[in-house]
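Working notes for the structure below.
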Amino acid sequence: MKKVFFLTLFTLAGMSLVAQQKQKAFELGVHGGWSSTKIYVTNFHTRTHWGYSAGLLGRVNFDKGLYLEPAIDYVHKEVVLERSIGDDKLRNTSIDVPVLVGVKFLNFPLASVRGYAGPVASFLLKPIKVNLQPMAGAPVREVSSSKSMFYLRAGVGADLLIFSLDVNYEFGLKKFSPDMSIPQTTNVTLGIRIF
């Protein structure tokens, strides 16, 4: 009799947990993460350097696992310019606004796996300044010819309870300046749903 009672109790508790995890029409969360950016600069060897991001995201859930995910993020990216006498860093600090469309292709009550893609509008908080002369000690000058950049982003993510993990790749739709290649970034972010 005790076994039946405890089995019934655990079954009801599990059903209650699954019911609480029912997909909401709108979700709000915070996320942050790391990035690795590649930009090639004329007359320099460059190497990637870690950057970071933090921000707020929303998710509007539709039928059949489709969703829309807008966000607003503070983003800092760096690329190292290698010199014979001391390296220099090219820094990009911006407010990014991605608007991603996704689909949950594995959707369980407590977990899901999803894919997504969409545009990212990026607004520089300050001009990108660096010494683009091969010799150290040359004057630092502004190298960004635009205060905004647009990217395309695509990636995959997994949700477990209130936590999410995302890995995505984004590439710029234009150059910051004629001396630089189109930026390419790989991002890894961790998120927590707060609503």
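Going through segment 81-120 one residue at a time, which ones are of a type outside the set (Val, Ile, Thr) and not in a strand (DSSP E or B)?
Arg83, Ser84, Gly86, Asp87, Phe108, Pro109, Leu110
Answer yes or no: is there a residue in segment 136-155 that is assigned to a strand (DSSP E or B), surrounded by 14 or more Cβ atoms within 10 Å (Cβ to Cβ) and modelled with pLDDT under 80.
Within segment 136-155 (the criterion being assigned to a strand (DSSP E or B), surrounded by 14 or more Cβ atoms within 10 Å (Cβ to Cβ) and modelled with pLDDT under 80), the answer is no, since none of the residues qualifies.
Specify the residue that is farthest from Thr186 (Cα to Cα); the eligible residues are those in segment 31-73 that are of a type in the set (Phe, Trp, Tyr) and not in a loop (DSSP other than H, G, I, E, B).
Per the stated criteria, the residue is Tyr67.
Across segment 45-95, which residue is surrounded by the fewest Cβ atoms within 10 Å (Cβ to Cβ) among those that are touching a residue at least 24 places away in the same chain (Cβ under 8 Å) and acidic (Asp, Glu)?
That would be Glu82.
What about Gly102, is it out of contact with any helix residue (DSSP H, G or I) (no Cβ under 6 Å at 6 or more places or on another chain) and on the phi > 0 side of the Ramachandran plot?
When the stated conditions are applied, Gly102 does not pass them.
The values are calculated or read from the model by the stated rules, or taken from the named source; none is laboratory data. Since the structure is predicted, the reported quantities are computational estimates derived from the model, not experimental observations. Note that each Cβ is placed from the backbone with ideal geometry, even for glycine, and that neighbours are counted across all protein chains shown.
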